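Student: Starting off with a structure, shown below.
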Amino acid sequence: MTLAWNVVGIVVLAVAAVTAGSVALAGFGLDSVIEIGASTVVIWELAGSGDMRRRFALRLIGGAFGALALYLLVQSTWVLAIGYHPRHSPLGIVWTAVTAAVMFVLAAGKARTGAALDNPVLATEGRVTFIDGLLAAAVLLGLLLNLLAGWWWADPVAGYVLVYYALKEVREIFGSD
């Protein structure tokens with residue numbers, strides 16, 4: 001379910017990000033790519049066993065989050081520095097609102113399954129999905145503030161929220177080694 005949702009999301013978010021010139025939507029689209037990678041890694045890890053395989057799977061997920069954090073940090077800073085004003089994105093608003101709800105439901109299911117199987121990779125992927133829901137809510141807030149209050153800077157600030165959560169996940173993943 002997560003894979004299918006995020007594959008569709010990449011297309012929707014790419015269109016919305018380009019149309020609006022939104023750093024937050026572009027970053028959220030990249031987060032969807034990471035979520036696809038994380039889901040694929042979990043499927044791969046569940047097909048095998050062993051601590052080395054498990055650590056490698058977690059490192060793949062952590063590395064992807066590190067790359068996302070770096071991209072968003074640079075891009076959000078650049079957008080703020082030049083004062084770029086993104087346009088409004090009704091498509092982005094609808095997609096991020098629905099995505100937040102879907103990701104919270106999926107995260108709860110993954111957390112229960114990861115705990116039942118005593119599988120830290122699946123549990124981590126459940127946290128990734130939960131964070132995806134939080135990020136969708138943060139991006140939604142930035143888009144709404146831009147639309148309703150004219151706060152153009154809320155879009156790159158939402159990008160910084162994604163940076164924070166991505167780095168937090170990197171720290172948790174690599175701190176558990």
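Student: Examine the stretch 87-98 for a residue that is modelled with pLDDT under 95 and touching a Gly at 6+ places or on another chain (Cβ under 7 Å), and state whether such a residue exists.
Tutor: yes
Student: If you go through the stretch 80-98 one residue at a time, do you hit one that is of a type in the set (Lys, Arg), farther than 21 Å from Thr129 by Cα and either open to solvent by less than 60 Å² (accessible area, probe 1.4 Å) or not in a helix (DSSP H, G or I) (or both)?
Tutor: Checking the stretch 80-98: at least one residue is of a type in the set (Lys, Arg), farther than 21 Å from Thr129 by Cα and either open to solvent by less than 60 Å² (accessible area, probe 1.4 Å) or not in a helix (DSSP H, G or I) (or both).
Student: Show the residue pairs meeting these rules: Cβ distance below 6 Å; 6+ apart or different chains; first residue within the stretch 51-80 and closer than 23 Å to Phe28 by Cβ and among the polar types (S, T, N, Q); second residue surrounded by 18 or more Cβ atoms within 10 Å (Cβ to Cβ) and at pLDDT 85 or above.
Tutor: These pairs meet every condition: Gln75/Val23; Ser76/Val23; Ser76/Pro156; Ser76/Gly159; Ser76/Tyr160.
Student: Under the condition of being of a type in the set (S, T, N, Q) and touching a residue at least 40 places away in the same chain (Cβ under 8 Å), which residue from the stretch 104-161 is surrounded by the fewest Cβ atoms within 10 Å (Cβ to Cβ)?
Tutor: Asn119
Student: Can you tell me which residue among Val33, Val18 is open to solvent by 10 Å² or more (accessible area, probe 1.4 Å), part of a helix (DSSP H, G or I) and closer than 14 Å to Asp155 by Cα?
Tutor: Going through Val33, Val18 in turn, the sole match is Val18.
Student: Within the stretch 21-30, how many residues are over 20 Å from Leu70 (Cβ atoms) and in a helix (DSSP H, G or I)?
Tutor: Number of matching residues: 0.
The values are calculated or read from the model by the stated rules, or taken from the named source; none is laboratory data. Because the structure is predicted, anything quoted here is derived from the model rather than measured. Glycine also receives a Cβ, built like all others from the backbone with ideal geometry; neighbour counts cover every protein chain displayed. Side chains are part of the model used for accessible areas, which takes the heavy atoms of the whole protein and leaves out ligands, DNA and RNA. Shrake-Rupley method; radii C 1.70, N 1.55, O 1.52, S 1.80 Å.
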